[in-house]
1. Quick check on segment 13-27: of everything there that is surrounded by 16 or more Cβ atoms within 10 Å (Cβ to Cβ), free of Cβ contacts under 8 Å to residues at least 60 places away in the same chain and part of a helix (DSSP H, G or I), which residue is nearest to the chain's Cα centre (by Cα)?
2. Here are some residues: Ser77, Ser42. Which one is outside any helix (DSSP H, G or I), over 22 Å from Gly102 (Cα atoms) and hydroxyl-bearing (Ser, Thr, Tyr)?
3. Quickly run through segment 82-112 and pick out the residues that are at pLDDT 55 or above, under 13 Å from Ile60 (Cβ atoms) and aliphatic (A, V, I, L, M).
4. Hey, does segment 98-110 have a residue that's part of a helix (DSSP H, G or I), surrounded by 15 or more Cβ atoms within 10 Å (Cβ to Cβ) and either of a type in the set (Val, Ile, Thr) or within 15 Å of the chain's Cα centre (by Cα) (or both)?
5. Out of Leu68, Leu59, Leu48, Leu4, I need the residue that is part of a helix (DSSP H, G or I) and either loosely packed, with under 13 Cβ neighbours inside 10 Å or touching a Phe, Trp or Tyr at 6+ places or on another chain (Cβ under 7 Å) (or both). Which one?
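The values are calculated or read from the model by the stated rules, or taken from the named source; none is laboratory data. Just so we're clear, the structure is a prediction, and the values are computed from it rather than from any experiment. All Cβ positions, glycine included, derive from the backbone under ideal geometry; neighbour counts span all protein chains shown.
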Amino acid sequence: MAVLEQLCRNPVAVDFHLPVATLFPEVDQEYSKVIEHPMDLSTVVSNLRNGRYKDSKRLIRHVHRIFLNCKKFNLKSNRIFYNRADHLSDYFDSLLAERGLGGAGGGGGGGG
């Protein structure tokens, strides 16, 4: 999916490429208590390559989950990450809208 490639190339997305446990091990224990369904861009890309998405809806939900999780975890503690997630979510939705794929509104499904 070209939209996913564009999202991954966005410089702001670097902190979302790998699992929180890998990128930020110092917060992993607390993150695991707050976030029930972790998700990251490398997992989404892997799922896509391995045919785990039967349609774009689940992929879109998983990408939104990345940003929802970040916003949930960082709501009170780190506005920088919160704002990055908000920016990338809007950017992703705009890429989807350009292609007529919809997807605005976070897609539900919890955070990751």
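1. Out of the qualifying residues, it is Val20.
2. Result of the check over Ser77, Ser42: Ser77.
3. Once the filter is applied, which keeps residues that are at pLDDT 55 or above, under 13 Å from Ile60 (Cβ atoms) and aliphatic (A, V, I, L, M), segment 82-112 yields Leu95, Leu96, Ala97, Leu101.
4. no
5. Unique residue meeting the criteria: Leu59.
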